[in-house]
């Protein structure tokens, strides 16, 4: 993704890269499935994605799971991208900037490879989140928010009690990027080297996440979760000069139901994010999601930062394709300024249940409870 990061930076180096609207919440995500469900995912996740959403979910992994690769790409503001392309050939930059007033362009992408067995998971990932905002037609401002992460994570999930799991994740991240505003004086000079010098900040950071699940198993399972991400804040030691932006403490609370009947699974979920932050408006903290799983197709919906989300997935054995759309609030409170985003992800993975009793998957199994019977032979597993 570092190539895409540089490509995006160069593409907008004549106007400028990125976005950092005051009030915008920067939520990192690694699953398009989760975004289709409003990112209310902490209580639902039961595979190696638990490394990124809720470490306690690692205890729910059943059998052998290898996500070989799961590239995704997302985009918003296609019309604004076209305008920026026109802007590079414009003889009157100031007039063109005014024509772009109020536009927001977002581009994201990434991928990872993960391996998980009951109680343990590891992953290496690359993740890009970059955007462009142009504000104030009289005195143009260009706001930068472009971050690329190359990360390595490892986690364990521990079934402390039959209905209670704990999880811990440690992570090492190489971060490149910044969230920087450029004022009218910069717009008048437009120095691409200055853009790159301010945006391509590089640093290394170490982080710790913790999570817990309380699970009441059954045909209608109840899952309550709590997650503390970036314990003590994840800061980045710069290679030189200024450091990339840090990741703040994040405390999330969640709940979900899982109904599992023949040929149908239903998962409504709720998550209250950023519980510890007073600077985020309440409407941005509340997330809802719903997933309906049929034998080959998943249908999803929800609410994220006050806007609807929708998604779908198709399972083709070792290949799964997921798509989603969601809205991000660029202002201080929901309903002020929506940025509608679209993304697609293809996941190539293998999973086996070797039918060994010690691979029971903790207190939750793979969303079916630890008491679920295992097949007496090795079989390809469908991801949930």
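Things worth noting here:
- Filtered residues of the range 62-71 (kept if assigned to a loop (DSSP other than H, G, I, E, B), out of contact with any helix residue (DSSP H, G or I) (no Cβ under 6 Å at 6 or more places or on another chain) and at pLDDT below 95): 62
- Lone qualifier among 284, 337, 273 - being within 30 Å of residue 198 (Cα to Cα) and crowded, with 20+ Cβ neighbours inside 10 Å: 284
- Residue check, residue 278 farther than 22 Å from residue 153 by Cα, without any contact (Cβ under 8 Å) to a residue 60 or more places away in the chain and more than 19 Å from the chain's Cα centre (by Cα): yes
- Residue in the range 207-248 that is farthest from residue 275 (Cα to Cα), counting only those that are exposed (fewer than 15 other Cβ atoms within 10 Å of the Cβ) and in contact with a helix residue (DSSP H, G or I) (Cβ under 9 Å, 6 or more places away or on another chain): 241
- Of the strands (runs of 3 or more DSSP E) entirely within the range 285-332, none holds at least 2 residues that are touching a helix residue (DSSP H, G or I) at 6+ places or on another chain (Cβ under 8 Å) and modelled with pLDDT under 95.
- Taken together, the criteria place residue 199 among residues that are modelled with pLDDT under 95, surrounded by 21 or more Cβ atoms within 10 Å (Cβ to Cβ) and farther than 30 Å from residue 117 by Cβ.
- From 355, 370, 363, residue being closer than 24 Å to residue 115 by Cβ, at pLDDT below 95, in contact with a strand residue (DSSP E or B) (Cβ under 6 Å, 6 or more places away or on another chain) and in a loop (DSSP other than H, G, I, E, B): 363
- Every listed requirement among (1) in contact with a helix residue (DSSP H, G or I) (Cβ under 9 Å, 6 or more places away or on another chain); (2) at pLDDT 95 or above; (3) more than 26 Å from residue 341 (Cα to Cα) is met by residue 118 save one, (2).
- Residue, nearest to the chain's Cα centre (by Cα), within the range 27-52, restricted to residues that are in a helix (DSSP H, G or I) and under 18 Å from residue 117 (Cβ atoms): 52
- Any hit, the range 311-322, residues being without any contact (Cβ under 8 Å) to a residue 60 or more places away in the chain and surrounded by 15 or more Cβ atoms within 10 Å (Cβ to Cβ): no
- Scanning the range 9-26 for residues that are at pLDDT below 50 and either assigned to a loop (DSSP other than H, G, I, E, B) or surrounded by 24 or more Cβ atoms within 10 Å (Cβ to Cβ) (or both) returns 12, 13, 14, 15, 16, 17, 18, 19, 20, 21.
The values are calculated or read from the model by the stated rules, or taken from the named source; none is laboratory data. All of these numbers come straight from a predicted model, not from anything done at the bench. Note: ideal-geometry Cβ built from the backbone for every residue, glycine included; neighbour counts use all protein chains shown.
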